[in-house]
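Report on one structure; see the data block that follows.
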Amino acid sequence: MTAFVALLARNRLALAGGVVLVCVVLLALAVPVLPLADPDVTNTAQRFQPPLSPGALLGTDHLGRDLLSRLLWGTRLSLAVGFAAAIAAATIGAAIGIVAGFYGGRTDNIIMRGVDMLMAFPYILLALAIVAALGPGLFNALIAVAAVNVPFFARNIRGITVGIAHKEFVDAARLAGLSNRRIILSEILPNVIPVIVIAMSTTIGWMILETAGLSFLGLGSQPPQADLGSMLGEARSALITNPHTSIVPGVMILIIVMSINLLGDGVRDALDPRLKSGALSRPMAATRVDRAQTPPPPSGAGLLEVAALETQFHVRNRVYRAVGGVDLHVRKGECLGIIGESGSGKSVTALSIMGLVASPPGVITGGAAYYDGHDLIGAPYGRLRDIRGRSVSYIFQDPLSTLHPLYRVGDQLIEAIRAHRPIGRAAGRAKAVELLRAVRIPNPEKRITDFPHEMSGGMRQRVGIAMALANDPDVIIADEPTTALDVTVQAQVLTILDDLRRSRGLAIIFITHDFGVVAQLCDRVGVMYAGRIVEEGLTSDILRAPRHPYTARLMACVPELGAGKRRLEAIPGLPPVVDNLPQGCAFADRCQQVQAACRRAGIPLERHGTHAVRCLYPVPQSQEATP
Ligand code: ADP
Ligand code: MG
């Protein structure tokens, strides 16, 4: 709730609308105790007094009645009728919509066809007809306005309910034996209330206008009772000679409707979870870069070199340090493994290199990513675009979400090729078939016309690999490309990558959480924890004798086939949340060898030859890590 108010308050216009509306409502509530003249007492001797006359701040109308008093009483009445109509329409409409959407089938059909019939009439005409049938009067105008708005709510809420009624949690509630009434009250209603509030906040202003419209025509409030619409209607004949009598109620209607609409838009933005998460804000074409310090120069250690990279997520007033100073490099023909628990920052590191972290909320706050000696971070977008997919390409984790569901895989491959090379469609097609064959998709000439959903998970992943290879890149960054695959397909995919590395001199950064994969494919491996590399070295060294307690414990979690029974040592506790990292070693709370010094200050990555470890008390080298 406080988050909602804070979110609403960030929207200046909505805040202004809210403040104005609160003032108007307070004023309307206070009317009976204010020292106002009687709004209905006529005094024809004093008719059409201009504003600021003695005893009549806003002047008087054609019967000499005090306009200020009539305005405030009228506002009170108009607000009350508008809100009452909105609440009535929302309640009845939502109830109809929920029942229709939840029960579906014939119930839905009958109810919604009735609603459609109501909607088929022009609503003002319908409102007029209802008032004509019931007789003029404010209460009947309220009924008419509510009735013509019911279909709008019913349709809206029915659509939402249909979506929710088929969700798994509703099925679960049904299987748990809850009655339909309980399901509607405890599962459906809480999920549609935000939609009801949003729909209401954007239509209340409209309903106040409609009520005023009916009163203006003489069908709403009856003389001498004032509401904003009837005041306007009575002032009509004096519009030219005494315009203030029209302007006063007109301005009040404008103020009320404007403030309600501004507030309503703000409420909608704050309540809609999709808007709240920023999912609808389009990310920038490259991650935002905001580096305070100049990055270290390239050491020339590899084709791709990441130096002191820091990437953060700025979400409202929180800062998530997803990557906190990562150094790594990969040479031509080399495979570097990056391993770590999920959430350790592997993907964000990989995405930062090419500026692919979504901004907002992502910001690269430090470091550099040198490709061939040139920094990619903060590079002009044209250059990034040129390199992306051609020199450095990615294989993403989930092939179903990276392939476009509505295009044939062949067309997507051809598009990837033609994005970087001016070749014709036929040549592109030939190249696509060749790529599919390279990743061992059987019968590629036929499979090229498949849609992604017609392929199995392993096949799609191979299409993803083929796409990454489409432009003969120098570096491939593979983000857990085999996690969704079964072991036989995984072995095939790894073999393909390994062959390419040997035949084309491809440099691979391979992200995984599987030591088996690392052992099979990688020359070197970096272990990540809480956004930093905690150990790095040759794969053989690390697998034989890990030095960081975290690596050792991570390896102790891996079962060995054929090694007999032993206890698998799960690591107790959870990785720290990266918006609140401890001062010292991030692993301290889960480490068995922890000492007081570990918590005091940040621990540097100490390098001995090819092996680097970020630990004050590393596991002694003679001791075997796995018992
Ligand atoms: P993994 O090692 O599993 O690939 P990630 O690199 O995806 O982990 O995530 C690293 C950290 O960044 C996680 O703690 C995650 O919570 C955080 N993170 C990722 N994306 C966002 C985001 N959009 N907003 C806030 N935090 C994020
Ligand atoms: Mg990941």
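Of all residues in region 32-66, those being assigned to a strand (DSSP E or B) and surrounded by 16 or more Cβ atoms within 10 Å (Cβ to Cβ) number 3.
Among what's in region 1-51 and is of a type in the set (D, E, K, R) and more than 14 Å from ARG65 (Cβ to Cβ), pick the residue that is modelled with the highest pLDDT. Ranking the qualifying residues of region 1-51, first place goes to ARG12.
Among the residues of region 473-497, just one is among the charged types (D, E, K, R), touching a residue at least 40 places away in the same chain (Cβ under 8 Å) and either more than 16 Å from ligand 1 (Cβ to nearest atom) or not assigned by TED's automatic domain parsing to the domain that holds ALA427 (or both), namely ASP474. Only one entry of VAL115, VAL20, VAL99 meets the criterion of being of a type in the set (Val, Ile, Thr) and within 22 Å of GLY250 (Cα to Cα), and that entry is VAL20. Can you find a residue that is among the charged types (D, E, K, R) and over 32 Å from the mean Cα position of the chain (by Cα) anywhere in region 1-22? No - not one qualifying residue is present in region 1-22.
Of the residues examined, ARG547 is not one that is among the charged types (D, E, K, R), farther than 23 Å from ILE496 by Cβ, over 33 Å from the mean Cα position of the chain (by Cα) and assigned to a helix (DSSP H, G or I).
Mind listing whichever residues of region 464-476 are β-branched (Val, Ile, Thr) and at pLDDT below 90? Matches in region 464-476: ILE465 only.
Return the residues of region 348-396 that are away from ligand 1 (no atom under 16 Å from the Cβ) and hydrophobic (A, V, I, L, M, F, W, C); say none if nothing qualifies. Those that are away from ligand 1 (no atom under 16 Å from the Cβ) and hydrophobic (A, V, I, L, M, F, W, C): ALA368, LEU376, ILE377, ALA379, LEU384, ILE387, VAL392. When the residues of region 441-463 are filtered to those that are touching a Leu at 6+ places or on another chain (Cβ under 7 Å) and not hydrophobic (A, V, I, L, M, F, W, C), the one that is nearest to ligand 1 (Cβ to nearest atom) is GLN461. Among the residues that make up region 548-571, is at least one of them farther than 19 Å from GLU341 by Cβ, in contact (Cβ under 8 Å) with a residue 40 or more places away in the chain and β-branched (Val, Ile, Thr)? No. Inspect region 207-219 for any residue being touching a residue at least 12 places away in the same chain (Cβ under 8 Å), of a type in the set (S, T, N, Q), more than 30 Å from GLY101 (Cα to Cα) and in a loop (DSSP other than H, G, I, E, B) and give the result as yes or no. Looking through region 207-219, none of the residues is touching a residue at least 12 places away in the same chain (Cβ under 8 Å), of a type in the set (S, T, N, Q), more than 30 Å from GLY101 (Cα to Cα) and in a loop (DSSP other than H, G, I, E, B). All told, ILE395 falls short of being more than 28 Å from the chain's Cα centre (by Cα) and in the same structural domain as LYS446 (by TED's automatic domain parsing). I'd like the full set of residues that are crowded, with 24+ Cβ neighbours inside 10 Å, within 17 Å of LEU328 (Cα to Cα) and in contact with an Asp or Glu (Cβ under 7 Å, 6 or more places away or on another chain), limited to region 534-562. Listed by number, the list holds a single entry, ILE542.
Of the helices (runs of 4 or more DSSP H) lying entirely inside region 338-438, those containing at least 3 residues that are in contact with a strand residue (DSSP E or B) (Cβ under 6 Å, 6 or more places away or on another chain) and within 16 Å of ligand 2 (Cβ to nearest atom) span 346-353. Would you pick out the residues in region 511-529 that are within 16 Å of ligand 1 (Cβ to nearest atom) and touching a Leu at 6+ places or on another chain (Cβ under 6 Å)? Listed by number, the list holds a single entry, GLY526. For ARG553, the conditions (1) of a type in the set (D, E, K, R); (2) closer than 23 Å to ALA307 by Cβ; (3) assigned to a helix (DSSP H, G or I) all hold with the exception of (2). The condition (being under 40 Å from the mean Cα position of the chain (by Cα) and not assigned by TED's automatic domain parsing to the domain that holds LEU217) is satisfied by just one residue among THR107, THR91, THR75: THR75.
Annotation note: of LEU328, LEU376, LEU336, the sole residue that is free of Cβ contacts under 8 Å to residues at least 24 places away in the same chain, of a type in the set (A, V, I, L, M, F, W, C) and on the phi < 0 side of the Ramachandran plot is LEU376.
Yes/no per residue for (1) in contact with a helix residue (DSSP H, G or I) (Cβ under 7 Å, 6 or more places away or on another chain); (2) buried (at least 24 other Cβ atoms within 10 Å of the Cβ); (3) under 25 Å from ARG268 (Cβ atoms):
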site: ARG158; (1), (2), (3): yes, yes, yes
site: ILE164; (1), (2), (3): yes, no, yes
site: LEU175; (1), (2), (3): no, no, no
site: ILE184; (1), (2), (3): yes, no, yes
site: ASN191; (1), (2), (3): yes, no, yes
site: PRO194; (1), (2), (3): yes, no, yes
site: ALA199; (1), (2), (3): yes, yes, yes
site: ILE204; (1), (2), (3): yes, yes, yes
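Within region 356-365, being at pLDDT 90 or above and either in contact with a Lys or Arg (Cβ under 6 Å, 6 or more places away or on another chain) or on the phi > 0 side of the Ramachandran plot (or both) holds for one residue alone: VAL363. For region 147-193, give me each residue that is on the phi < 0 side of the Ramachandran plot and outside any helix (DSSP H, G or I). Within region 147-193, HIS166, LYS167, ALA176, LEU178, SER179 qualify. Scanning region 122-146 for residues that are outside any helix (DSSP H, G or I) and either among the basic types (Lys, Arg) or touching a residue at least 24 places away in the same chain (Cβ under 8 Å) (or both) yields PRO136, GLY137. Restricting region 477-502 to residues that are in contact with a strand residue (DSSP E or B) (Cβ under 7 Å, 6 or more places away or on another chain) and within 16 Å of ligand 2 (Cβ to nearest atom) leaves a set whose member that is modelled with the lowest pLDDT is PRO481.
In region 257-314, the residue that is modelled with the highest pLDDT out of those that are among the charged types (D, E, K, R) and either assigned to a loop (DSSP other than H, G, I, E, B) or more than 28 Å from the chain's Cα centre (by Cα) (or both) is GLU305.
The values are calculated or read from the model by the stated rules, or taken from the named source; none is laboratory data. Keep in mind that this is a model prediction, so the values were computed, not measured. We place every Cβ from the backbone using ideal geometry, glycine too, and count neighbours over all the protein chains shown.
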